[in-house]
Amino acid sequence: MEIQTRKEKNAVVVSVKGRMDAVTAPEFEKNLFDLIAKGENRFLLNFGELEYISSAGLRAILTAAKKLKEKQGKISLTGLKGSVEEVFRIAGFHAIFKIFESEEAGLGET
Amino acid sequence: MFRNRGIAFKLILFFLLSSGVIFSAVSGYNYWFSRKTIERNVEDNARSIVLSTINRIEAVIRSVQKVPENLACFMEHGSCDKEELLLLLRKVVENNSEIYGGAIAFEPRGFDGEPVAFAPYFYKSKGEILFSDLASESYQYFYWDWYQIPKELDRPDWSEPYYDEGGGNILMATYSVPFYKKGEKRLFRGVVTADLSLEWLQEVVASIRVLQTGYGFLVSKNGMFVTHPLKELIMNATLFGLAEREGDDNLRKIGRRMIRGESGFVSLKGAAFGKPCRMYYAPIPSCGWSLAVVFPEDELMADVSQLNRTVIILGIAGIALLVIAVVYIARSITRPLREMARATGAIATGNLDVELPRSRSGDETGELLDAFRYMKESLKDYIRKLTETIASKERIESELKIAHDIQMSILPKIFPPFPDRKEFDIYAIIEPAREVGGDFYDFFFIDEENLFFIIGDVSGKGIPASLFMAVAKTLIKATAMKGIAPGEILTEVNRELSQGNDSCMFATIFCGILNTRTGLVLYSNGGHNPPFLLGRNNEVTPLKMGKGVVVGAWEGLAYQTEQIRLKPGDGLYLYTDGVPEAINEQGEFFSAEQLRRKIGEFHGASIQEMTVGIMKEILSFSHGAPQSDDITMMMIRFIEKSKSLS
């Protein structure tokens, strides 16, 4: 798993590449937590190059989102496709996260 | 070849080889250089002996030559009668110690008044001066070389050595100076001679000593031995005769050079002189003879050989000493190593209490021993800790197994669960992963005709997942028993589970209530894989779903209740994500699409045959690949009540 973070005007874009499973999810979680600890509270997660996500990955996103909720922060998702998109859809994440078609759309909205 | 030999062997071999090479080079050079030096010294010595001897001989010869030359001059310019001449000749012989004898030999009628031959000769014998007239019948002086050759050559000349039979009666060489009658025509009148006794020359040459047995010899103009330690050679043999006898070409060449008046140093390998020799020769200029000194090569090399022997003995002793030292050093290295190898072998078999050899020194071997001892102790410590860890891990594993067993035991396992209810059929199967997973299912009647059923999957694995699952299952059952709709059940359960759930553990849950009389199913989905609806005519379609979020992680969610009416023969196939996410060795997923096809293939089979059959398919698909998730399936088929009653 490779994580790239990029600070944009009104959000931090976190791009994840590879597999997010029980082994790699803690690293992703720590990454987000570090950013949150630095005061960031708006995130756009770009999963365009994510090949696979397990329940551990979903849990990491939920944990971060829950932490942000206390600080009036927010997480949005973009780049979902294929089996990853299906996992998010089945898990019902559409109901609690804003999901954008593209990064630009996400940044414009946030 | 030497790879498997011990260190001591290699050390000794390499030290021996290298010191052997060094020693050979040093002693070889030493031998060569000292040989050169000694050769040069002996050659110089031989040369100076030869030259000084030649000088002595030359001085004598020159003074001998002077006498007849002066006398010849007097014979040409002066005049005297017979008496005076005899007196003069006698005086000359008497006064010149170098001269053995002297004669004035006239041509026939060469002296006034004498009719034929006249040759007065005075010579020394036992301190007296004796007179002899050579003009006797027996002597016939005209035919002797000492008379003939100067006459023919028209110049003074030394004769070859000869035994003067009837004259001086000794071995001698004669210097003859011709004299002439002055006038219009130069007329040969006779010769004046002086004899040189060769005894004196023999003494001089015999006194030459080079090394132990080196000697000198003299050869005449035609190679005749004039002096030689071997008396039988004198006047009897020539160098060329000797060369001929031995077939020694080299000696012949040397002989030619000697009589040509050259000088030089030569090695004589032939047998002419008994053994290999060195020789220096140089000419005596005034008489054209050649003086040589000969000395055996083995004497020349005696000192060098002695030196060489001593050096070799010293060298061998040195190398032996070196070998002893190397053996000692090698032993001091290899003994602890060997002991250590033995100890390592023991350690390898698990005996960590083996006694290590004492380090006796602070060198590398000692350091190695210390490090080894430290390693042994660390290993011992590590193994002790490892044993403890393994014990505690085994305990945890056994606890996990118990947890797993408990988890499995709370799932209903007896089928058919309601043998007297014929209006529906239900079957569930679970293939737990090696690790404790989070899949669960349940079904129970909440009243006479409504069957509640649920399938779920808790996120994560291990003890936390199984605890969460037990809580969720219990909570769901308690909530379901209130008789409320599935959406409300999930809403309530979510509210309970999400409180204080900071780690955001969640479960995906699908639950429903089947009215066993009407076939109406009320259902709600919390983020779970949508079940398939199996039509009577073998159509397999995913159940229509709303946006149900996973249960337990997010507070304040409301879940929708959906409904579908099952016709008699219709069934629901419920599964967890372990099914589509089962992977084979190539890393490919079993996939929901393949699952859907497989379900179709089992058309007409009982729900038990179907679930068990599909499970077999999945397990054979993922054969060899580690199963990381629980695989759970549950199937419900609605059978018309009237039919079941009839």
Meets criteria (in contact with a Ser or Thr (Cβ under 7 Å, 6 or more places away or on another chain) and in a helix (DSSP H, G or I)) for B:LEU321: no
Filter pass, B:PRO530 being within 14 Å of chain A (Cβ to nearest Cβ), at pLDDT 90 or above and surrounded by fewer than 21 Cβ atoms within 10 Å (Cβ to Cβ): yes
Pairs with Cβ under 6 Å, 6+ apart, first in segment B:420-431 and in contact (Cβ under 8 Å) with a residue 40 or more places away in the chain, second surrounded by fewer than 17 Cβ atoms within 10 Å (Cβ to Cβ): B:LYS422/B:SER644; B:GLU423/B:SER644; B:TYR427/B:PHE415; B:TYR427/B:GLN608
Residue match in segment B:109-124 (condition: at positive phi and in contact with a Lys or Arg (Cβ under 9 Å, 6 or more places away or on another chain)): yes
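Okay, residues lined up against (1) touching a helix residue (DSSP H, G or I) at 6+ places or on another chain (Cβ under 7 Å); (2) over 20 Å from B:GLY500 (Cβ atoms); (3) more than 8 Å from chain B (Cβ to nearest Cβ):
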{"residue": "A:GLU51", "(1), (2), (3)": "no, yes, yes"}
{"residue": "A:GLY57", "(1), (2), (3)": "yes, yes, yes"}
{"residue": "A:GLU70", "(1), (2), (3)": "no, no, yes"}
{"residue": "A:LYS74", "(1), (2), (3)": "yes, yes, yes"}
{"residue": "A:GLU85", "(1), (2), (3)": "no, yes, yes"}
{"residue": "A:ALA95", "(1), (2), (3)": "no, yes, no"}
Of all residues in segment B:460-472 being within 16 Å of B:ASP577 (Cβ to Cβ) and either touching a strand residue (DSSP E or B) at 6+ places or on another chain (Cβ under 7 Å) or assigned to a helix (DSSP H, G or I) (or both), the one that is nearest to the other protein chains (Cβ to nearest Cβ): B:ALA465
Options A:ASN31, A:ASN41; residue that is surrounded by fewer than 19 Cβ atoms within 10 Å (Cβ to Cβ) and either facing another protein chain (nearest Cβ under 10 Å) or touching a Gly at 6+ places or on another chain (Cβ under 7 Å) (or both): A:ASN41
Subset of segment B:473-502 that is within 14 Å of chain A (Cβ to nearest Cβ) and either part of a helix (DSSP H, G or I) or in contact (Cβ under 8 Å) with a residue 24 or more places away in the chain (or both) - its residue that is surrounded by the fewest Cβ atoms within 10 Å (Cβ to Cβ): B:GLN499
Search result, residues across segment B:562-586 that are among the β-branched types (Val, Ile, Thr) and within 60 Å of the chain's Cα centre (by Cα): B:ILE583
Residue that is surrounded by the most Cβ atoms within 10 Å (Cβ to Cβ), among those in segment B:13-31 that are aromatic (Phe, Trp, Tyr) and out of contact with any helix residue (DSSP H, G or I) (no Cβ under 8 Å at 6 or more places or on another chain): B:PHE14
Filter result for the condition that a residue is among the basic types (Lys, Arg) and farther than 27 Å from B:GLY613 by Cα, over B:LYS413, B:LYS473, B:LYS461: B:LYS473
Only one of B:SER48, B:SER52, B:SER79 that is of a type outside the set (Lys, Arg), out of contact with any Lys or Arg (no Cβ under 8 Å at 6 or more places or on another chain) and at pLDDT below 90: B:SER79
Flag if B:LYS376 is basic (Lys, Arg), touching a helix residue (DSSP H, G or I) at 6+ places or on another chain (Cβ under 8 Å) and over 30 Å from B:SER19 (Cβ atoms): yes
Strands (runs of 3 or more DSSP E) contained in segment A:1-97 and holding at least 2 residues aliphatic (A, V, I, L, M), within 30 Å of B:ILE583 (Cα to Cα) and under 13 Å from the mean Cα position of the chain (by Cα): A:12-20, A:42-53
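Each row is one residue, and each column tells you yes or no for (1) over 60 Å from the mean Cα position of the chain (by Cα); (2) charged (D, E, K, R).
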{"site": "B:PHE9", "(1), (2)": "no, no"}
{"site": "B:SER18", "(1), (2)": "no, no"}
{"site": "B:SER27", "(1), (2)": "no, no"}
{"site": "B:PHE33", "(1), (2)": "no, no"}
{"site": "B:THR37", "(1), (2)": "no, no"}
{"site": "B:ASP44", "(1), (2)": "no, yes"}
{"site": "B:SER52", "(1), (2)": "yes, no"}
{"site": "B:ALA59", "(1), (2)": "yes, no"}
Per-region count, segment B:536-550, residues more than 12 Å from chain A (Cβ to nearest Cβ) and part of a strand (DSSP E or B): 2
Filtered residues of segment B:551-582 (kept if within 13 Å of chain A (Cβ to nearest Cβ) and farther than 22 Å from B:ARG597 by Cα): B:VAL551, B:GLY552, B:ALA553, B:TRP554, B:GLU555, B:GLY556, B:LEU557, B:ALA558, B:TYR559, B:GLN560
3 or more residues within 30 Å of B:GLU448 (Cα to Cα) and out of contact with any strand residue (DSSP E or B) (no Cβ under 6 Å at 6 or more places or on another chain): qualifying helices (runs of 4 or more DSSP H) within segment B:551-646: B:607-621, B:641-645
Given (1) part of a loop (DSSP other than H, G, I, E, B); (2) modelled with pLDDT of 90 or more; (3) crowded, with 18+ Cβ neighbours inside 10 Å, index of the condition B:LEU291 fails: (1)
Out of B:LEU557, B:LEU566, B:LEU572, sole residue that is within 28 Å of A:ILE96 (Cα to Cα) and either outside the structural domain of B:LEU522 (by TED's automatic domain parsing) or surrounded by 19 or more Cβ atoms within 10 Å (Cβ to Cβ) (or both): B:LEU557
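The values are calculated or read from the model by the stated rules, or taken from the named source; none is laboratory data. Predicted, not measured: the structure shown is a model, and the values here were computed from it. Cβ atoms come from the backbone with ideal geometry, glycine included; neighbour counts cover every protein chain shown.
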